[in-house]
Amino acid sequence: MWTVPKPKYKNALSEEGDITVNIGGVRVVLFGDDLQRYPESRLAELSSCSAQNPELISTLCDDFDPGRKEFYFDRDPDSFKCIIDVYYFDEIHIKTGICPICFIKEMEFWKIDQSVLDECCKSYLSEKEEELKEIANKVKAILEDLDGDHCITRTQRCQRFLWRLMEKPDSSLPARIIAIASFLSILLSAVVMCVSTIPELQVTNAEGKLVEHPTMEGIETVCMLWFTAEFVLRLASSPSKVRFALSIMNIIDFMAIMPFYVVLSLTLLGTTSMMELVNVQQAVQALRIMRIARIFKLARHSSGLQTLTYALKRSLKELGLLLMYMGVGIFVFSALAYTMEQSHPETLFRSIPQSFWWAIITMTTVGYGDIYPKTTLGKCNAAVSFLCGVIAIALPIHPIINNFVVFYNKQKVLETAAKHEVELMELKSGGQARKKSQE
């Protein structure tokens, strides 16, 4: 049985160098020998200073009672209980329920270095600091939308208004309408691209080949004109043209728009003899699908898409383990299947690489049936591979769902905190304005 040393609560000092402190109403006696382990801390300075030096004492504490020789501090007693652990254990743990940011301020007040924090608390503190940075960024974005005083010239005001209109759906009703129209245009273009491949809806050209219906081409042209106008307006109103050009989503927009004009130019110039325009059009059809990726641009305005992206990003380790496990399983079970099926005269397993396809569709529970085992050992191998595949796929589901829920709740809290911070700033600025008017 062992016990840890704790500060003792008593009425008087027992030895020279010991001090009595009152932290938010909690009276504690601390031993000088322990406090001197960290001589640069505030408590060590108090234990070494003389009671006859009131000026120095007043700089170290909020109040001092010479009769009781007691130092008073208007600080959080719960945080102090964690901080005094450093004098006994050489490390500090932040207890549950204490704000880590406020606790760091308490450590700075007591002149305790952050290096004594335990590793688990350091990681927890870093997470909270990242949250504060996110809140600050959200507040900054909100203030930039609300504040237009720095836009001096009319051109700057127009550029800022156009940027909000095209990039900030929450800034106004017209901006939201434009965002919805852009979203619907993307969906309409994708639907037209798919429907135009149906033979019953195609028409025959002069050469007797099936081509897209003119109505489909007209709808596609209107959508492309909308995408072009949107891209040009966003580029013209962008505060930073370099950042705009390097954005992944803007690169996708450009790659989705340009093939349309390339094919149009080739057609108008009559260069079909120089290259097969059919092949070019097929390449364009493949590039058109990239417009669907613009839906993810709305992630900056959608907590759900942000959460999905974050959950997948935080789950890369689990997904990597899944791929590794599946890769090993595919190699092992395909090799076993090839070996076990060689004794059957009508075997479908001609080689191990060909068996990879069977192992993939079996472990992922797809089972097309185009290749299957015919021997008893092969069927047993297939059953085991099926069970292993089910277990492997189920393993990363819980971490992904957990990351999704955690980040979704976190985003909601950060958005609410940012809005409250802006409201407090508005209240403070309003109060200062009233004081100036009264003066």
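The values are calculated or read from the model by the stated rules, or taken from the named source; none is laboratory data. Bear in mind that the values here come from a model prediction, so they are computed numbers and not experimental data. With ideal geometry, Cβ positions are generated from the backbone for all residues, glycine too; neighbour counts draw on all protein chains shown. Protein only, heavy atoms only, side chains kept; ligands, DNA and RNA dropped before computing areas. Shrake-Rupley method; radii C 1.70, N 1.55, O 1.52, S 1.80 Å.
For the set LYS105/LYS410; LYS105/LYS412; LYS168/LYS410; LYS81/LYS419; LYS317/LYS374, the pairs lying more than 32 angstrom apart at their alpha carbons are LYS81/LYS419; LYS317/LYS374. Simple spin-label estimate for LYS317 and ALA394 gives 2.3 nm between the two label positions (7 Å along the Cα-to-Cβ direction from each Cα). Taking all protein chains together and a 1.4 Å probe, the residues THR155, THR215 rank THR155, THR215 from largest to smallest accessible area. Divide the volume of the convex hull around the Cα atoms of segment 206-252 by the residue count and you get 100 Å³ per residue.
Under the shape rule built on the C-alpha gyration tensor, where the axes satisfy a ≥ b ≥ c, segment 318-388 is prolate, since a/c reaches at least 1.5 and a/b is greater than b/c.
Heavy atoms of the protein only, probe of 1.4 Å, neighbouring chains included. What is the accessible area of LEU348 in Å², nearest 10? Answer for LEU348: close to 50 Å² accessible.
Listed values for segment 400-411 are Karplus-derived 3J(HN,Hα) couplings in whole Hz (6.51 cos²θ - 1.76 cosθ + 1.60, θ = phi - 60°), namely 5, 5, 5, 5, 4, 5, 4, 5, 4, 5, 5, 4, and x replaces Gly and Pro. Under 5 Å between amide hydrogens, built in the peptide plane, is the criterion, and for ILE92 it picks out LEU117, ASP118 among residues at least 5 positions away or on other chains. Quick check on segment 54-205: take the gyration tensor over C-alpha atoms, sort the square-rooted eigenvalues as a ≥ b ≥ c, and tell me if it's rounded (a/c under 1.5), prolate or oblate. Prolate, since a/c reaches 1.5 and a/b exceeds b/c.
With a cut-off of at most 16 other beta carbons within 10 Å, and DSSP calling the residue loop, which trypsin sites (Lys or Arg not before Pro) in segment 65-105 qualify? Please list them.
Sparse-neighbourhood loop trypsin sites (Lys or Arg not before Pro): ARG68, LYS69, LYS95.
Computed with every protein chain present, the accessible area of LEU235 is close to 70 Å² [probe 1.4 Å].
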